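Taking it in order: structure first as C-alpha cells, then the write-up.
The values are calculated or read from the model by the stated rules, or taken from the named source; none is laboratory data. Computed from a predicted model, the values in this text were never measured in an experiment. Positions of Cβ are generated from backbone atoms using ideal geometry, with glycine treated the same way; all protein chains shown enter the neighbour counts. Remember, those area values only see protein heavy atoms, side chains included, never the ligands or the DNA or RNA. Shrake-Rupley method; radii C 1.70, N 1.55, O 1.52, S 1.80 Å.
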Amino acid sequence: MTENGNSAARAGAAAVADDGPKKTVKLNIFRGTEEDGKEVEYEVELAEGMVVLDAVLKIQAEQEDDLAVRWNCKAAHCGSCSAEINGKPKLLCKSRVEEYEGQEIHVQPLHAFPIIKDLVSDVSWNYEVSKGIKPFTSDEQAPFTMYEEDVERLYEPKKCIECFMCQDVCHVLRTHNKHEEFAGPRFFVRNQWLEMHPMDNQDRLEDVKEKDGVGLCNITKCCTEVCPVGIKITDNSIIPLKERVADEYYDPAKWLMRKIRGRKSMTNREAEAAKNGN
Amino acid sequence: MQATFEKVRLGNRHLEEGVQALSSVAAAWKKLPWWVEPFTVAGVLIAFGIYSTAVIVFAGGQYEQYISPFFSFTATMDTPAWAPAFITAPMLLLWIPLGFRATCYYYRKAYYRAFFWDPPACQASAQTKEPRSAENYRGERALFVLNNVHRYFLYASFFVIAFLWYEAFRTVFTYDAGVQIAVGSLLWFANIILVSAYTFSCHSFRHLIGGNMNCYSCVKGGGARRKTYNFVSRLNAKHPQWAWYSLFSLLFTDIYLRLIAAGTIQDYVLISFGG
C-alpha cells in the first residue's frame, strides 16, 4: 500500500542514487499490521545527504515493492511522512541518515493511531476532532482590516503542517488512549489561533475545558520537543488556553467580578465592547 | 592596527570556541540515556528541599548587612505566639515562593517527569515506563487542578520580590559601614535579578499583562500592553533557565552568608564610601 504509487517511489529513489557510494546502512523497518507486525532489517547503499525517506524509498524500489510508506512533498512541508525513528516522532524526509551514525536505525509508524500497514498509520481520527472545533466566525465580512500588532501572535500556530507528531508523542493519547476526552496538542494550537484571532467572535473555552480536555494535559512538553516547524506548542498555545480557562472557571476574584458586573468574561469581552464603542 | 585585528580575531575565536563548547555540552546532554534527566532533576530538587528545610528550621537568617533570601524580612521576626512550636519565622514567608514554584508551569513539567514519571521522557521506550494506568490518569483535572491557583502565588510573590530588592540595596547602603559594594552585594543583586527574571517571565504574568487580550489596537493603552507582552514573551522563552538559575542563586547566596558568618571566607569590600 503505497499512497503515491511505486513509480513515484522509484523516481524518488533514483533521484538520490549516487555513482559510487561504497558505504551501506542498515535500517530496521516495521513491517506488517497492528495485529501482526515486526521489524525487518534491510541494508541499502548510503548516498551523500541521504535522508531516512530516501533510504526507505530505495528499499521499496529495489527490495520490497509492497513496503507501505506515506510521503508527498519530501521538503518538510506536507507533514505526510511522519513516523518514529528510534522511538521519537520524526519527519522521514527531514532526518538525515548520517545523524544516526554509530546507532541502529529503527523506523516505526506513529503508534498513537491504528497502524494500517508498515509505516502508514490511520490518522483520520484527527480530522474528526478538527470537525468538532467551532470554526472561525465573524460578525464582519471579509476582507478584514487587521493590524499587525493584533495578528503577529497568529503566525506561529498557522505554521502547523498537521504532521500529527505532537499527537503521536503526547502520552495522554499514546499511553492513556484518551482519544474520546482529549483533542491533543495539534488542536490546542488550532483553538489558540481561533481564540486569539481579533476578528473571531466565538467562545470556545467551555469546549477547550470539557470536550477537548485541556485539563488532561500535564504540560510535559513532548509535543514542543517534536514539532518539526518549531511551534512552541506548550508555551504559546496550551498554557495560554489553560490561563484563559483558569480566568473563566478557576479564578474566584474574576468569578466575583463577573457576578458583580453581570458579564461572562472580562478581558476579551471588554476589548470587543471597546472596539464596538460600547 | 594589525595587532588590533589579531586581538579581535582571537577574541572571536575564543567566543566561537565557548559557544561550540556550550552547544557540545547541550548536544552531549541530549545524547545521554532518557533517565538521566528525570533522575538529575529529582536529585537536585530533593537536595534543595533538604538544604532549605534545614536552614529555616535550624539556622539564623542575618549576618551584618546581609539577610538570607530564605528569611527576608522574617530574619528579625519572632515566631508569633499563636504559631505551633514546629513553625519558624521564615515559614511564614516561604509558603509564597514554595507555592509559586510548586504551581509554576515549568516546575510542573519538571516534577511530573521527575517524580511522577508521567511521562519520564518523550521517547517511546520511556513512555512505556509510565506507572499510571489509563483509568487512573487524570492529568490536571483531579488534585492537580489546584495548580490553577498559580496566579495568586504570583501576586503574593510581588511582595517577596520587593523585599528582596530592598535587602539587596541594604547590602550597599548599610547603617554602620556607609555605602559599600562588597562581593556579597554583587551576589545579592545577582540573586534578585535572577529571581525577578524568573518571576516576571511567568506564564501567568504573561497572560495577565497581555496574553488575555485578542485585540491590542481596540483598547486604550493596548500598544503599551502589547510591547510589555512581547518583552515578557521573550523572557518567558527562557523561563526554565530562569527557574534553575534563580534556584541556584538562592542557594549560593544563602551558603555565602553562612560561610562569611562562620569566618570560613572573607567578604571582600570592592568600593567603600563613608562609614
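What is the residue count in region B:185-225 for residues that are among the polar types (S, T, N, Q), farther than 23 Å from B:ALA156 by Cβ and assigned to a helix (DSSP H, G or I)?
To start, the set of residues in region B:185-225 that are among the polar types (S, T, N, Q) comprises B:185, B:191, B:196, B:199, B:201, B:204, B:212, B:214, B:217.
Checking the rest, the ones that are also farther than 23 Å from B:ALA156 by Cβ come to B:185, B:214, B:217.
Okay, now just the ones that are also assigned to a helix (DSSP H, G or I), so B:185, B:217.
The number of residues fulfilling the criteria is 2.
Being open to solvent by 20 Å² or more (accessible area, probe 1.4 Å) and at pLDDT 95 or above narrows it down to one residue among A:PRO109, A:PRO114, A:PRO89; which is it?
Exactly one of A:PRO109, A:PRO114, A:PRO89 is open to solvent by 20 Å² or more (accessible area, probe 1.4 Å) and at pLDDT 95 or above, namely A:PRO114.
Could you look through region A:121-152, keep only residues that are surrounded by 21 or more Cβ atoms within 10 Å (Cβ to Cβ) and at pLDDT 95 or above, and pick out the one that is farthest from A:ILE231 (Cα to Cα)?
A:SER121
Exactly one of these conditions fails for A:ASP168: (1) closer than 23 Å to A:GLY230 by Cβ; (2) more than 10 Å from chain B (Cβ to nearest Cβ); (3) not in a loop (DSSP other than H, G, I, E, B). Give me its number.
Condition (2) is where A:ASP168 drops out.
Any idea which residue in region A:206-222 is farthest from A:PHE182 (Cα to Cα), counting only those that are more than 7 Å from chain B (Cβ to nearest Cβ) and open to solvent by 10 Å² or more (accessible area, probe 1.4 Å)?
Restricting attention to region A:206-222, the residues satisfying the condition of being more than 7 Å from chain B (Cβ to nearest Cβ) are A:206-214.
Applying the additional criterion that residues be open to solvent by 10 Å² or more (accessible area, probe 1.4 Å) yields A:206-207, A:209-211.
Working: A:GLU206: 13, A:ASP207: 11, A:LYS209: 10, A:GLU210: 9, A:LYS211: 7 Å.
That would be A:GLU206.
Among the residues of region A:171-193, write down those that are hydrophobic (A, V, I, L, M, F, W, C) and open to solvent by 20 Å² or more (accessible area, probe 1.4 Å).
Within region A:171-193, A:TRP193 is the sole residue that qualifies.
When region B:175-233 is examined, which residues are found to be of a type in the set (Val, Ile, Thr) and closer than 30 Å to B:GLN65 by Cα?
Of everything in region B:175-233, those that are of a type in the set (Val, Ile, Thr) and closer than 30 Å to B:GLN65 by Cα turn out to be B:VAL179, B:ILE181, B:VAL183, B:ILE192, B:ILE193, B:VAL195, B:THR199.
Condition first: touching a residue at least 12 places away in the same chain (Cβ under 8 Å), open to solvent by 40 Å² or more (accessible area, probe 1.4 Å) and in a helix (DSSP H, G or I). Can you find one or more residues in region B:174-184 that meet it?
yes
Tell me, yes or no, whether region A:188-207 has at least one residue that is in contact with a strand residue (DSSP E or B) (Cβ under 7 Å, 6 or more places away or on another chain) and either within 22 Å of A:CYS73 (Cα to Cα) or assigned to a loop (DSSP other than H, G, I, E, B) (or both).
No, region A:188-207 contains no residue that is in contact with a strand residue (DSSP E or B) (Cβ under 7 Å, 6 or more places away or on another chain) and either within 22 Å of A:CYS73 (Cα to Cα) or assigned to a loop (DSSP other than H, G, I, E, B) (or both).
Tell me yes or no: at least one residue of region A:228-250 is among the polar types (S, T, N, Q), closer than 30 Å to A:PRO143 by Cβ and crowded, with 21+ Cβ neighbours inside 10 Å.
Looking through region A:228-250, at least one residue is among the polar types (S, T, N, Q), closer than 30 Å to A:PRO143 by Cβ and crowded, with 21+ Cβ neighbours inside 10 Å.
For the structure I just gave you, tell me whether A:LEU27 is in contact (Cβ under 8 Å) with a residue 60 or more places away in the chain, crowded, with 21+ Cβ neighbours inside 10 Å, touching a helix residue (DSSP H, G or I) at 6+ places or on another chain (Cβ under 8 Å) and farther than 13 Å from A:PRO109 by Cα. Let's see the steps before the verdict.
Values: in contact (Cβ under 8 Å) with a residue 60 or more places away in the chain: yes; crowded, with 21+ Cβ neighbours inside 10 Å: yes; touching a helix residue (DSSP H, G or I) at 6+ places or on another chain (Cβ under 8 Å): yes; farther than 13 Å from A:PRO109 by Cα: yes.
So A:LEU27 passes the test.
Matching residues to (1) under 18 Å from the mean Cα position of the chain (by Cα); (2) at pLDDT 95 or above:
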site: B:TYR152; (1), (2): yes, yes
site: B:SER157; (1), (2): yes, yes
site: B:ARG170; (1), (2): no, no
site: B:LEU186; (1), (2): yes, yes
site: B:ILE193; (1), (2): yes, yes
site: B:SER196; (1), (2): yes, yes
site: B:CYS202; (1), (2): yes, yes
site: B:HIS207; (1), (2): no, yes
site: B:MET213; (1), (2): no, no
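Could you tell me how many of the residues in region B:236-257 are surrounded by fewer than 18 Cβ atoms within 10 Å (Cβ to Cβ) and either touching a Gly at 6+ places or on another chain (Cβ under 9 Å) or within 12 Å of another protein chain (Cβ to nearest Cβ) (or both)?
Total meeting the criteria: 2.
Considering B:ALA156, B:ALA168, B:ALA162, which residue is small (Gly, Ala, Ser), closer than 21 Å to B:TYR111 by Cβ and outside any loop (DSSP other than H, G, I, E, B)? Give the derivation first.
On the way: B:ALA168 fails: closer than 21 Å to B:TYR111 by Cβ; B:ALA162 fails: closer than 21 Å to B:TYR111 by Cβ.
Result of the check over B:ALA156, B:ALA168, B:ALA162: B:ALA156.
Could you check region B:92-127 and list, in sequence order, the residues that are over 20 Å from the mean Cα position of the chain (by Cα) and either of a type in the set (A, V, I, L, M) or within 8 Å of chain A (Cβ to nearest Cβ) (or both)?
Matches in region B:92-127: B:ASP118, B:PRO119, B:ALA121, B:CYS122, B:GLN123, B:ALA124, B:SER125, B:ALA126, B:GLN127.
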